[in-house]
Amino acid sequence: MHAPSSLVIAFAMAALNPSASTSNPPATSPHSIDAAIVAYQNQQYAAALKLFEAAAQKGSQEAQHTLGFMYRDGRGTKRNEAKAIAWYRRAAEQGYAPAEYNLGLMYAQGEGTKLDPAAAQRWFRRAADHGSVEAQVKLAEIAIVEERYEEALLWFSKAADQDDADAAFNVGSLYYVGRGVAKDEAKATEYYRKAARLGMPEAKNVLKSLGQEPE
C-alpha cells in the first residue's frame, strides 16, 4: 500500500526510481549528474551532495529534487527541512512531477513550512496532472476520506491505467459497492483481475471469494 509519508527519489536512472516521471526532460544532460548518482549509490552522501548541488545550480530538475530529498532525510548533511522545501520548490516550479508531489507532502505534513492542506492538494494535483501515480493515489485517498467518490474513482482510474495494483483494486471495489459510479460487478471483476495480474494477493483472494479464478 502507499505510505502517506513516502518520498519519491527521482534520480535519472531506473535503478533508483524506475517510476520517475518522464513528462519533463532534464534541463541538463543526464551525464552531468552521473558522478553524483554513482557517489550516492556508493553511499558517499557528502560527495554526492556537492555533485548534485553543482548540477542543480545548472538547472537539473533531477538534481534539485534529489537535493530536496537529501536535506529532508539528512543524507550527506544535517537534516534541514527549510532547504529541502526550497529545492523541491525549484524543481516543482519547472513542472517536475516527483518534486511537485514531495512538495505537496511537505505542506501536508507541515515540514519546513506551516501545515497547509490546501497548498498540499494544489501541488498533488499538479503532480497528478503531470503523471505522478503517487499523487493520483494521494488525491484519490483524500477524496475517499471526504466522501467524494466520483473524484476518487477518477484518480484511482488514472493510477490504475499506469498499472498501479492498489489503485486497480480500489477501482474494482468502488464498482463493486457502487460508490461514485453505478454498481457493476463485471467491471469490478475486471479491475480485480488487473490487480491480481499485477501481483496483488488481496485481489486474488477477492476473486476467489466471488467464485472467480484469477487469470
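What you get for the chain, charging only the Cβ of Lys and Arg (+1) and of Asp and Glu (-1), is a dipole of about 600 debye around the Cα centre.
Each Lys and Arg Cβ is given +1 and each Asp and Glu Cβ -1; about its Cα centre, region 148-215 then shows a dipole of about 140 debye. If every alpha-carbon in the chain counts as one equal scatterer, what log10 I(q)/I(0) does Debye give at q = 0.12, 0.15 1/Å? With no solvent term, the Cα-only Debye profile gives -0.67, -0.92. When the helices of the chain are scored as -39500 (n - 2.57) per DSSP H run of n ≥ 4 and the total is divided over every residue, the value at 222 nm lands at -19000 deg cm²/dmol. Local charge for residue 143 was computed over the other residues whose Cβ lies under 14 Å away, with Lys and Arg +1 and Asp and Glu -1, and equals 0. Distance between the C-alpha centres of region 36-55 and region 151-215: 41 Å, rounded to the whole angstrom. Placing unit charges on the Cβ atoms of the charged side chains and taking the dipole of the chain about its Cα centre, the candidate lying farthest along the positive direction among 142, 77, 117 is 77.
Quick note: the coordinates plus some simple rules give every number you see, no bench work behind them. No experiment lies behind these values; they were computed from the predicted model shown. Positions of Cβ are backbone-derived with ideal geometry, glycine not excepted, and every protein chain shown enters the neighbour counts.
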